[in-house]
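Heads up: the structure comes next, in structure tokens.
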Amino acid sequence: MRPTDGEAWLRLAQALEGDGDDVGATDAYRGAVDRLPGSLDVLNALGNVLTRQGHVREAVRCYRTAIDISSEVWEVWFNLGNAEAARSRTDDAVAAYRRALDLAPDDHRIHYNLAHAEAARGHHEAAVAGYRRAAELMPADAEAWYNLGNAYSDLGHWSESVDAYDRAVAERDDDHEIWNNLGIALLNGGRHDDAIEALGRALDLRPDYDPSWNNLGNAYEERGRLDDAADAYHKAIELRPVHPTYHLNRASVLARLGRMDETVEHLARAIESAPEVRGLLPGFGEFAGVLRDPRLRP
């Protein structure tokens, strides 16, 4: 290889990247950049391998140098958005993604990543619009439908959330998190039996997922099935013994079932895990008869 041959350095970098050697590829791309300083493609490629290695500040410099050469290549703006998002600079990520969309308005990846950045900064309406457009452009993308459901949930739009999760499970019905979040949306929408069914499906797929056991307990509780709720909360506690919410939830159900000694036991364990729980107990009418128990005193 001639030391001044930028094309040779580029071919070497591409070969190393293809073999999964990002460290070697980085050195080779740097050699190519030194010899082809005006190549937008080389700068973009170097930015990509740097981003994958977590060197996002340097990657951003590569992308911005590439943009100085030409600001009309959407892939560079998109990659810049990814790098800015990776270092939690969501406002800058959003600006880059929007510029990418100006150049490629029908690319579902840009809409999806823009929506993700909007969600990260709490702009849930904008996130809904982005995920919905991504899903329209790529209807088989379960992640787009799933995150659309999450964005609707963040807004408390439970019916729309259920519809989005339904589309997600239609594309990928073996994902326990989608079923779990569908169950939560159904529960919040007052469809308790459907919520129990969805959460049961989540647990068929992932029996050791403690949030689903807790959510199933919530659904049973809303349905008035207190014994079943107590059993579900017990399973959540077995999987994560120090979670104060699980103990508090089970204590509430046990108190209404008249199992006061067990109620005190779980309240004590909740306080042990999170001492601030003690201040919440007077707000629960079902605990009125046990608050003087020595096990609950400071």
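The values are calculated or read from the model by the stated rules, or taken from the named source; none is laboratory data. Not measured: the values here are computed from a predicted model. Counting neighbours? That spans all protein chains shown, and the Cβs are built from the backbone with ideal geometry, glycine included.
Worth pointing out:
- Of all residues making up segment 233-269, the number that are of a type in the set (Asp, Glu) and touching a helix residue (DSSP H, G or I) at 6+ places or on another chain (Cβ under 7 Å): 1
- One residue alone among Gly279, Gly258, Gly285 is without any contact (Cβ under 8 Å) to a residue 12 or more places away in the chain and on the phi > 0 side of the Ramachandran plot, and that residue is Gly258.
- Qualifying positions in segment 104-131 - assigned to a helix (DSSP H, G or I), closer than 26 Å to Ser71 by Cα and among the acidic types (Asp, Glu): Glu118
- Asp154 meets the conditions (1) surrounded by 18 or more Cβ atoms within 10 Å (Cβ to Cβ); (2) touching a His at 6+ places or on another chain (Cβ under 8 Å) in every case but one. The failed one is (1).
- Selection within segment 224-247 - more than 26 Å from the chain's Cα centre (by Cα) and within 15 Å of Ala270 (Cα to Cα): His234
- Taking every residue in segment 236-251 that is closer than 17 Å to Leu203 by Cα and touching a residue at least 40 places away in the same chain (Cβ under 8 Å) and pairing it with any residue that is basic (Lys, Arg) and outside any helix (DSSP H, G or I), at least 6 positions away or on another chain, yields no pair with a Cβ-Cβ distance below 8 Å.
- Residues satisfying the stated conditions in segment 35-60, i.e. of a type in the set (Gly, Ala, Ser) and assigned to a helix (DSSP H, G or I): Ala45, Gly47, Ala59
- Taking segment 81-109 as the range and being of a type outside the set (Asp, Glu) and more than 23 Å from His55 (Cβ to Cβ) as the test, the residues that pass are Arg98, Leu101, Leu103, Ala104, Pro105, His108.
Conditions tested, residue by residue: (1) polar (S, T, N, Q); (2) touching a residue at least 24 places away in the same chain (Cβ under 8 Å).
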{"position": "Tyr29", "(1), (2)": "no, no"}
{"position": "Ala45", "(1), (2)": "no, yes"}
{"position": "Val49", "(1), (2)": "no, yes"}
{"position": "Arg61", "(1), (2)": "no, no"}
{"position": "Thr65", "(1), (2)": "yes, no"}
{"position": "Ile69", "(1), (2)": "no, yes"}
{"position": "Val94", "(1), (2)": "no, yes"}
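- Looking across segment 211-230, the residues that are on the phi < 0 side of the Ramachandran plot and surrounded by fewer than 19 Cβ atoms within 10 Å (Cβ to Cβ) come down to Glu222, Arg223, Arg225, Leu226, Asp227, Asp228.
- Set side by side, the residues Leu114, Leu101, Leu137 differ, and just one is touching a Leu at 6+ places or on another chain (Cβ under 9 Å) and surrounded by fewer than 23 Cβ atoms within 10 Å (Cβ to Cβ), which is Leu101.
- A single member of Ala142, Ala134, Ala170, Ala164 is farther than 19 Å from Ala198 by Cβ and among the aliphatic types (A, V, I, L, M), and it is Ala134.
- Qualifying residue in segment 161-177 (condition: modelled with pLDDT of 95 or more, basic (Lys, Arg) and under 23 Å from Leu205 (Cα atoms)): yes
- Residues of segment 270-298 classified as in a helix (DSSP H, G or I) and either in contact with a helix residue (DSSP H, G or I) (Cβ under 6 Å, 6 or more places away or on another chain) or not charged (D, E, K, R) (or both), total: 17
Each row is one residue, and each column tells you yes or no for (1) closer than 18 Å to Ala119 by Cβ; (2) outside any helix (DSSP H, G or I); (3) hydroxyl-bearing (Ser, Thr, Tyr).
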site: Arg133; (1), (2), (3): yes, no, no
site: Gly149; (1), (2), (3): yes, no, no
site: Ser159; (1), (2), (3): no, no, yes
site: Ala170; (1), (2), (3): no, no, no
site: Asp173; (1), (2), (3): no, yes, no
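- Selected residue (only one of Ala32, Ala15 is part of a helix (DSSP H, G or I) and either crowded, with 21+ Cβ neighbours inside 10 Å or among the polar types (S, T, N, Q) (or both)): Ala32
- Checked against the criterion of being on the phi < 0 side of the Ramachandran plot, surrounded by 23 or more Cβ atoms within 10 Å (Cβ to Cβ) and within 19 Å of the chain's Cα centre (by Cα), the candidates Ala168, Ala142, Ala126 yield just one match: Ala168.
- Condition check for Tyr63 on (1) outside any helix (DSSP H, G or I); (2) closer than 30 Å to Trp9 by Cβ; (3) among the hydroxyl-bearing types (Ser, Thr, Tyr): one failure, at (1).
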